[in-house]
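Since the structure comes first, as C-alpha cells, the remarks are kept for the end.
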Amino acid sequence: MSGIALPRVIRRREAIGLAVGAALLWLALMLVVAVFADLLRPYSITAIDLGHRLAPPLSFGGTLTHPLGTDELGRDVLSRLIISIRVSLLLAFGATLLGLLMGTSLGLLAAHLGGLVEQAVLMLVDFQAALPFMILALAVLAFFGDSLPILVGLMSFYGWERHARVARGLALAAGAQNYVAAIRGLGAGAWRIYLRHVLPNIAATLVVSATLAFPEVILLESGLSFLGLGVQPPMSSLGNMVGYGRNYIETAPWILLAPSIVIVFTTLAISIVGDMLRDRLDPTTSRA
Amino acid sequence: MVRFILFRLMRATLTVVLVVSFAFCILRLAGDPSQVVLGPNAPPDAVAAFRQAWGLQRPLYLQYLLYWNGILHGNFGNSMLDGRPVLAVVLSHIPATLEIMGPALLLSIAIGIPGGAFAALRRDTATDRAVMALSVAGFTVPSFVLGLGLVLVFAVLLHWLPAGGREGWSSAILPVMTLGFGGAAVLARFTRSAMAEVMGQPYIRAASAKGLPWRTVVQWHALPNALIPTVTVIGFMVGAMLAGAVVVESVFSWPGLGRLLVVAVGSRDVAVVQCILFLVAVTMVTANLVVDLLYGWLDPRILADARR
C-alpha cells in the first residue's frame, strides 16, 4: 500500500482501511465494466445457444466458452451480467443525480422563499416520508405502465425528501452566517449567493446524502426488476436476471447467484465508501 | 397534552387526504380512467356504464367528491380480474400478511435491540465489529437475495423447509426470517448508537458511583432511556416491512397483500392498487401516530417542548 500515491483526502490521519480499499477496487471494477461493457462481453445478451442450455459455470463442470454458465435459452450469463451491471449502474446513477438536483433545488427554494412555498415543500416532504417508497412506486407503475423513462423518473423521486431536508437546513444555517450578509450587502442577487457561495459549502453534506441514497436506489431498481415490474426484456438488469433465474433455483442456481453477488458487493462497497466519506468530509457527525 | 394529540391527528388525516388525492390525480393523469381500469379490450357499453358510475363526464371537482364518497362508503370498485368488490379481495389477503409481518416484527425486536445494546456495551471490540458487520449485511443484502439464499440452503440443498406456499407453520419460517433479518439490522444499528449516547451521559456515571451493580445500571438506567428513541424507529420499520413484504411474499409465493399488489400492478388492476394504497397509508399514519404518542408519553420533555 505504501508504494501507491493516494490522494490527500485519503492519506490524512490513518492509513486507508482494508475494507475501504477493497470497496474502492470493486467499485472501480464495476465502473470499468459498465463503461466498456460492449467491448468486454463475449456474446450478445440475446445470443441463443440451444445446444448448451443450462450449462454450469467454470469450476462446476462448465467450459471456458461460458465461464459463468448459461441460462435456459443458452444465453451466456457472463455477457448478460456485464450488460446488466451497466444498465443497473446507469439507472441508479442517473436517478440519484436527478433526485439530488430536485431535492436540493426544492430545499434551497424553501429556505430562500420561506412562507407558503416552504410550507408546501415541507408538506410534500412529509407525504413522501409517510409511505414506503416501494408501495408508491408500484402504484405509479400500475397507473402509468413500466416504460424506461417512467422507471427512471420514478426512481429519481427516491430520496429527494432527504436531500431537500438537508439542503433546506444547511441553507438556513448558512443564510444566518456573516459571509452571506456581507455578499448581500455588496449587492449580490439570490442566484449568485446560492450558486457561488452557499452551495460549495453545503456540497460535502449533500454528496454524503447522495452516497447514502445510491445503494438504496440500486436495491429499489433490482427489487422492482426482480418482481418483473422494472427493467423489461430484452434489456437485462441485475434484478431481472435474478427474477428469471429464480425459476431455475433447483437446477441452475448460478443464473441468479452471479447477479445477486454483484448486487450485494456493489451496495456494500458503496456503503463502505459512503461511510468513509461521511467520516472525513463532515466533521460534525460524531462516530458513535 | 390534548393539543399535542390533536396536532398529530390533524397531520395524520392530512397525510391520508394527500395520498388519496395523489392516487386520484395520477389516475386521471394516466389517461382516461375507464380505459385504464377496464383495460383496452373492454366492450363500449361497459366503458359507458363505468363512465356513468364514476361520473367521468362531470367536472373534475365533482369527480373528486364522488371519489371520496365512494371511499368513505368502502366502495373501491370491482377487481378487474374476477369482478369481486375490491375491498373484500384486499381484506381477505390481510391475514396472510399479518401472519408473517407480526412474527417478523417480533423477531427484529428480539434480535435487534439486544444485539445493538450488547454491541454498544462492548464498543470497538471484536463483538461490536461483528454485530455491526452483520447489521450492515442486513441492509445491503436485498430481501429477495436473502430469501432466495435461504431457499437455496434450506429447501433445495437441505430439504428441511418448503420453498414456498402457505401450508403449515413450517412454510412461514423462511419468510419470517427474511423479513425479520432486515429489520433486526436496522434496529441493531440504531439501538447501538442510542445506547452509546446514553452510556456517555453523566447520570450513568452517577448511578455507578452510587454503588449500584453494573447490571442494574445498564438494565434500569441505560437501556430504558436508549429505548425511547428506538420506539420511533419501530414506527418506521412497520412501513419498511410492508414494503419488504411485497418482495418477500413474491419470493415465497405467500398469498398475502404484497403479492396481491404485485399481481395487480402487473395486470394493471388499478382498483385493487388504489385500495391497497389507501389501506397502507392509513396503517402507516396510524402506526406513526401511535409511536409519536408513545414517545411523548415515555419522554416528558417532548410534551414540554410541544406545550411551549
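Taking segment A:175-288 and the helices (runs of 4 or more DSSP H) fully enclosed by it, the elements with 1 or more residues that are at negative phi, surrounded by 16 or more Cβ atoms within 10 Å (Cβ to Cβ) and within 16 Å of the chain's Cα centre (by Cα) are at A:199-226, A:238-245, A:254-281. From the list A:G74, A:G51, the lone residue that is without any contact (Cβ under 8 Å) to a residue 60 or more places away in the chain and assigned to a helix (DSSP H, G or I) is A:G51. Scanning segment A:226-239 for residues that are within 13 Å of chain B (Cβ to nearest Cβ) and either aliphatic (A, V, I, L, M) or free of Cβ contacts under 8 Å to residues at least 60 places away in the same chain (or both) turns up A:F226, A:L227, A:G228, A:L229, A:L238. Take the conditions (1) part of a helix (DSSP H, G or I); (2) within 13 Å of chain A (Cβ to nearest Cβ); (3) under 30 Å from B:A222 (Cα atoms); B:P114 misses just one of them, which is (2).
If the condition is being away from every other protein chain (no Cβ under 11 Å) and farther than 23 Å from B:T232 by Cα, then segment B:129-149 contributes only B:A130. Among the conditions (1) of a type in the set (A, V, I, L, M); (2) surrounded by fewer than 19 Cβ atoms within 10 Å (Cβ to Cβ); (3) within 13 Å of another protein chain (Cβ to nearest Cβ); (4) outside any helix (DSSP H, G or I), B:L161 misses just one, which is (3). One residue stands out in segment B:264-282 among those that are more than 7 Å from every other protein chain (Cβ to nearest Cβ) and over 19 Å from the mean Cα position of the chain (by Cα): the one that is nearest to B:T13 (Cα to Cα), namely B:A271.
Hey, can you tell me all the residues within segment B:233-253 that are farther than 13 Å from A:M134 by Cβ and either surrounded by 24 or more Cβ atoms within 10 Å (Cβ to Cβ) or within 13 Å of the chain's Cα centre (by Cα) (or both)? So that I can check it myself, show each step before the final result.
Pass one, segment B:233-253, residues farther than 13 Å from A:M134 by Cβ: B:233-238, B:251-253.
Once the filter is applied, which keeps residues that are farther than 13 Å from A:M134 by Cβ and either surrounded by 24 or more Cβ atoms within 10 Å (Cβ to Cβ) or within 13 Å of the chain's Cα centre (by Cα) (or both), segment B:233-253 yields B:V233, B:I234, B:G235, B:F236, B:M237, B:V238, B:V251, B:F252.
Looking at segment B:178-187, is at least one residue more than 18 Å from the chain's Cα centre (by Cα) and in the same structural domain as B:V238 (by TED's automatic domain parsing)? Scanning segment B:178-187, I find no residue that is more than 18 Å from the chain's Cα centre (by Cα) and in the same structural domain as B:V238 (by TED's automatic domain parsing), so the answer is no.
In segment B:254-303, which residues are polar (S, T, N, Q) and surrounded by fewer than 18 Cβ atoms within 10 Å (Cβ to Cβ)?
Taking segment B:254-303 first, the residues polar (S, T, N, Q) are B:267, B:274, B:283, B:286, B:288.
Across segment B:254-303, the qualifying residues are B:S267, B:T283, B:T286.
From A:L109, A:L64, A:L100, A:L113, grab the single residue that is buried (at least 21 other Cβ atoms within 10 Å of the Cβ) and away from chain B (no Cβ under 14 Å).
Details: A:L109 fails: buried (at least 21 other Cβ atoms within 10 Å of the Cβ); A:L64 fails: buried (at least 21 other Cβ atoms within 10 Å of the Cβ); A:L113 fails: buried (at least 21 other Cβ atoms within 10 Å of the Cβ).
Just one listed residue meets the conditions, A:L100.
Taken together, B:V251, B:V246 contain a single residue that is at the interface with chain A (Cβ under 9 Å from one of its Cβ atoms), β-branched (V, I, T) and touching a residue at least 40 places away in the same chain (Cβ under 8 Å), which is B:V251.
For segment A:279-288, indicate whether the set of residues that are within 8 Å of chain B (Cβ to nearest Cβ) and modelled with pLDDT under 85 is non-empty.
Taking segment A:279-288 as the starting set, the residues that turn out to be within 8 Å of chain B (Cβ to nearest Cβ) are A:288.
Those still in the list that are modelled with pLDDT under 85 too: A:288.
Looking through segment A:279-288, at least one residue is within 8 Å of chain B (Cβ to nearest Cβ) and modelled with pLDDT under 85.
For segment A:119-142, filtered to residues that are closer than 21 Å to A:F226 by Cβ and at pLDDT below 85, the residue that is surrounded by the fewest Cβ atoms within 10 Å (Cβ to Cβ) is A:L131.
The values are calculated or read from the model by the stated rules, or taken from the named source; none is laboratory data. Just so you know, these numbers come straight off a predicted model, no measurement behind them. Note that we place each Cβ from the backbone using ideal geometry, even for glycine, and neighbour counts take in every protein chain shown.
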